[in-house]
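Just so it is clear, none of the values below were taken in a lab; they were calculated from the coordinates. Computed from a predicted structure; not experimentally measured. Glycine also receives a Cβ, built like all others from the backbone with ideal geometry; neighbour counts cover every protein chain displayed.
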């Protein structure tokens with residue numbers, strides 16, 4: 001980041017040195033900067049959100065491709081990746097056209113949003129936005145669990161980071177209280193090298209009734 005900032009300031013210094021210092025030219029250049037500031041700011045904001053979605057969906061496609069079911073993801077996941085990537089590239093091209101020195105700041109920002117809110121948060125939440133919200137706010141109710149995928153619901157019911165409400169505990173008790181030799185829904189997951197094999201989490205034993 002320090003290197004990017006140094007390159008950015010050097011670019012601005014080079015541009016400023018080439019400007020005719022007459023009052024009229026300074027006013028004209030000042031106006032060009034003023035209208036570009038909100039445009040660049042909006043481009044960075046939109047590009048960051050788009051890159052975050054592209055990182056999330058792209059990582060999901062990669063993980064799914066190497067999983068035991070050899071599925072690269074749903075059509076919606078692929079669509080979100082293409083749209084997010086296209087929008088982020090579009091914002092970079094716009095900023096390159098109207099304020100090229102700002103790319104030294106914009107590229108690291110977009111890379112951060114792709115890596116952290118995108119890839120990292122997606123992987124940590126099993127690419128389930130509802131589970132991500134539950135982890136983020138450390139709470140989940142029955143409605144939230146109902147909106148999750150089977151795998152995310154299974155993980156959330158046993159996640160110590162998530163505090164379950166009373167109705168959510170009922171859902172989890174029903175989900176995890178499986179019969180002898182059975183597996184809870186969502187217990188299936190990839191294992192082995194690159195997760196190419198199908199495995200099941202250890203079965204959850206029935207709770208013994210209080211005597």
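Assorted remarks:
- Sorting 135, 37 by the number of Cβ atoms found within 10 Å of their own Cβ, with the fewest placed first, yields 37, 135.
- Counting beta carbons within 10 Å around each of 77, 165 and listing the fewest first gives the order 165, 77.
- Put in order of Cβ neighbour count within 10 Å, fewest first, the listed residues 104, 31, 120 become 31, 120, 104.
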